[in-house]
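The values are calculated or read from the model by the stated rules, or taken from the named source; none is laboratory data. Owing to the predicted nature of the structure, the values given are computational and were not obtained by experimental measurement. Here the Cβ is made from the backbone with ideal geometry for all residues, glycine too, and neighbour counts use every protein chain on show.
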Amino acid sequence: VSARGLITLGDYGRAAAVRVRGDVMDFVDGGAGPETTLRANTAAFGRWRLRPRVLVDVSHLDTAVTVFRGPWRVPIGVAPTALNTLVCPEGELATARAAEVAGVPMIVSTFASRTIEDIAAAAPAADLWQQVYLFRDLKVTRSLVERAEAAGATAIVVTVDSPWMGRRHRNLRNDFRMPTTVTAANLAASLPAAPDISSPEQHAAQTMDPSLTWADISDLTEWTDLPIVIKGILTGDDARIAHEAGAAAIIVSNHGARQLDQVPATLDVLPEIVTALPRDIPVLMDGGIRSGIDVLIALALGATAVLIGRPVLHGLAVGGQAGVEGVLSLLSDELRDAMGHTGRPTLATVDTSLLAPPPPPVHAPWGSW
Ligand SMILES: Cc1cc2nc3c(=O)[nH]c(=O)nc-3n(C[C@H](O)[C@H](O)[C@H](O)COP(=O)(O)O)c2cc1C
């Protein structure tokens, strides 16, 4: 893939849109309902302004961060996204190899279209975390956890924002059906046969367990020695409960605005959640990160690291492994550019002093028009 013309993550999104079938692109890019939160996730970053310090030695920038195994070269990881073969035949094998090259972690989706064993073999040095749902049939979840641990995964991420699948208007409107070439291989390897995912919504309704409560999280801690990460927290209250339930880290996430519309933008609730937790609990966040400046703002508001979802799939669609490498290196170049220009040579110097509060709404002094 030639990086020519691909100078922002938005460019990757537009390049992907001309390569990927319209209904598949809608599945990737769409959100729940009329997508108010989808827009808010990205817009939240644009409200902040940066307060640069000058004449700070920024000839060496240190962007490394360690969460559990670590170290990661930059505080940017790959969010779990289902069925990567939808946009590229190699699917998660290519995504994992790109994460390995970039020195960043990849969270493998339960609904990966490649098995965790094959992904780990393809990218032996990659730091892989396994994402799970607590299914109605807990044996399936347990099998995936045990397989992931055996394959060398370093954390288990449990997604807790999905009693069922969100009402995604784009998918409903075009009656989205999963292409038959795509299978939930990772899940299939824990089942007697490959599940029917032709209607993702129906499959979720049959397998997700809406009766789950915090008491069920303790099951997980009994199945594995790996740290448990809770993904899908949007309030300080739930963050505190997650910590009490044994979470070793939290992911502030609204599932890329794919579950319920009009929940807050993740950036807007990040400070509340950071404040609710002890300082030694890593807080990751995802949703709407589209530039290195976005990463810097999230870190300044207390995130330990961020995750990206859709841009990784755009890179994969544009150029397979090289495309994802392009997305990850673009984002880390932009982060370094922003750290240098704001006089923040280390992540420890990235704090709220970097940020000017969102500008107040403008009231025309001459009254209304
Ligand atoms: C196509 C697609 C599939 C996803 N599949 C999963 C999944 O299987 N499990 C999960 O926890 N989150 C899933 N997510 C949510 C992402 O992990 C992440 O929270 C979100 O994409 C971050 O927002 P961003 O896309 O704006 O970066 C998915 C997101 C997309 C776009």
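Looking only at residues that are surrounded by fewer than 20 Cβ atoms within 10 Å (Cβ to Cβ) and polar (S, T, N, Q) in the stretch 261-290, which one is farthest from P345 (Cα to Cα)? Across the stretch 261-290, the extreme among qualifying residues is Q262. For D175, the conditions (1) more than 20 Å from the chain's Cα centre (by Cα); (2) assigned to a loop (DSSP other than H, G, I, E, B); (3) acidic (D, E); (4) under 24 Å from D209 (Cβ atoms) are fulfilled apart from (4).
Each row is one residue, and each column tells you yes or no for (1) part of a loop (DSSP other than H, G, I, E, B); (2) touching a helix residue (DSSP H, G or I) at 6+ places or on another chain (Cβ under 6 Å); (3) crowded, with 18+ Cβ neighbours inside 10 Å; (4) of a type in the set (F, W, Y).
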residue	(1), (2), (3), (4)
G10	no, no, no, no
A15	no, yes, yes, no
P34	yes, no, no, no
L55	yes, no, no, no
V74	yes, yes, yes, no
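Restricting attention to the stretch 19-38, the residues being within 11 Å of the ligand (Cβ to nearest atom) and not hydrophobic (A, V, I, L, M, F, W, C) number 5.
For A126, the conditions (1) surrounded by fewer than 16 Cβ atoms within 10 Å (Cβ to Cβ); (2) among the hydrophobic types (A, V, I, L, M, F, W, C); (3) closer than 23 Å to V312 by Cα; (4) within 20 Å of the chain's Cα centre (by Cα) are fulfilled apart from (1). Pairing each residue of the stretch 9-38 that is acidic (D, E) with any residue that is within 14 Å of the ligand (Cβ to nearest atom), provided the two are 6+ apart or on different chains, yields C-beta distances under 6 Å for D23/F176; D26/R170. Among the residues of the stretch 63-72, those identified as in a loop (DSSP other than H, G, I, E, B) and at pLDDT 95 or above are T63, A64, T66, V67, F68, P71. Within this structure, S190 passes the test of being assigned to a loop (DSSP other than H, G, I, E, B), over 18 Å from T81 (Cβ atoms) and within 15 Å of the ligand (Cβ to nearest atom). The sole residue among T346, T342, T304 that is surrounded by fewer than 21 Cβ atoms within 10 Å (Cβ to Cβ) and over 17 Å from the mean Cα position of the chain (by Cα) is T346. Condition (residue is closer than 21 Å to G77 by Cα, out of contact with any helix residue (DSSP H, G or I) (no Cβ under 8 Å at 6 or more places or on another chain) and within 12 Å of the ligand (Cβ to nearest atom)) applied to the stretch 126-137: is it met by at least one residue? For the stretch 126-137, residues closer than 21 Å to G77 by Cα, out of contact with any helix residue (DSSP H, G or I) (no Cβ under 8 Å at 6 or more places or on another chain) and within 12 Å of the ligand (Cβ to nearest atom): present.
Going by the conditions given, is T85 more than 26 Å from A303 (Cα to Cα), at pLDDT 95 or above, part of a helix (DSSP H, G or I) and among the polar types (S, T, N, Q)? Show your work before the answer.
Working: more than 26 Å from A303 (Cα to Cα): yes; at pLDDT 95 or above: yes; part of a helix (DSSP H, G or I): yes; among the polar types (S, T, N, Q): yes.
So T85 passes the test.
Does P227 satisfy the condition of being more than 16 Å from the ligand (Cβ to nearest atom) and either touching a His at 6+ places or on another chain (Cβ under 7 Å) or not charged (D, E, K, R) (or both)? It is true that P227 is more than 16 Å from the ligand (Cβ to nearest atom) and either touching a His at 6+ places or on another chain (Cβ under 7 Å) or not charged (D, E, K, R) (or both).
In the stretch 279-300, the residues that are touching a residue at least 24 places away in the same chain (Cβ under 8 Å) and within 11 Å of the ligand (Cβ to nearest atom) reach residues that are hydroxyl-bearing (S, T, Y) and in a loop (DSSP other than H, G, I, E, B) with C-beta atoms within less than 9 angstrom, at least six apart or across chains, in these pairs: L284/S253; L284/T304; M285/S253; M285/T304; D286/S253; G287/S253; R290/T8.
Remark: pairs (first residue in the stretch 308-336, more than 30 Å from T346 (Cβ to Cβ) and of a type in the set (V, I, T); second residue at pLDDT below 95 and away from the ligand (no atom under 11 Å from the Cβ); Cβ separation under 9 Å; 6+ apart in sequence or on different chains) = V318/V1. Step by step: first the residues of the stretch 243-255, then only those that are under 18 Å from Q130 (Cα atoms) and of a type outside the set (V, I, T), then the one that is surrounded by the most Cβ atoms within 10 Å (Cβ to Cβ). Which residue is that? So, considering only residues that are under 18 Å from Q130 (Cα atoms) and of a type outside the set (V, I, T), the one surrounded by the most Cβ atoms within 10 Å (Cβ to Cβ) is S253. If the condition is being small (G, A, S) and either buried (at least 17 other Cβ atoms within 10 Å of the Cβ) or at positive phi (or both), then the stretch 162-188 contributes S162, G166, A184, A185.
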